[in-house]
1. Quick one: helix 12-34 against the long Cα principal axis of the chain, what's the angle to the nearest 10°, folded into 0 to 90?
2. If you average the alpha carbon positions of the range 7-22 and of the range 41-63, how far apart do those two centres end up, in angstrom?
3. Would you list which lysines come within 17 Å of LYS23, measuring only between C-alpha atoms, while excluding same-chain residues fewer than 8 positions from it?
4. If you place +1 on the Cβ of every Lys and Arg, -1 on the Cβ of every Asp and Glu, and leave all else neutral, what size is the dipole of the chain about its Cα centre, to the nearest 20 Debye?
5. Which of the peptides 39-45, 61-67 is most tightly packed, and how do the rest follow, judged by the mean count of other Cβ atoms within 10 Å per residue?
6. Any chance you could tell me what percent of the C-alpha pair distances in the range 4-67 go past 13 Å?
7. Between the helical axis of 42-67 and the dominant principal axis of the chain, each derived from Cα atoms, what acute angle in degrees is found, rounded to the nearest 10?
Amino acid sequence: MMKIDKIKEMSSPDLEKELSELKTELFKLRFSLATNSLDNPMRIKEVKKDIARVKTVLRQREIEEQTN
């Protein structure tokens with residue numbers, strides 16, 4: 001699980017890269033769940049929350065750029 005402080009320290013391009021990696025991981029976790037080979041089902045929830053955190057920070061930065 002990623003901490004919000006760590007996410008805020010990352011640059012926007014890094015966040016975009018992290019977001020795509022998290023989405024790929026979520027896809028793989030869902031695939032594992034469908035094939036009954038998932039060890040830790042709570043990992044899906046963690047990845048979804050990390051995706052939401054990254055998207056939130058990216059959106060906050062986008063809003064800040066528009067207001068300046």
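Values in this text are rule-based calculations from the coordinates and carry no lab data. A quick note: this is a predicted structure, and the numbers were derived from the prediction, not measured. Cβ coordinates were reconstructed from backbone atoms using ideal geometry, including for glycine residues, and neighbour counts include every protein chain displayed.
1. 20 degrees
2. Each part reduced to its Cα centre gives a spacing of 10 Å.
3. LYS45, LYS48, LYS49, LYS55
4. That gives the chain a dipole magnitude of about 340 debye.
5. The packing order, highest mean first, is 39-45, 61-67.
6. Considering the range 4-67, 64 percent of its Cα-Cα pairs are separated by more than 13 Å.
7. Helix 42-67 and the main axis of the chain meet at about 20 degrees.
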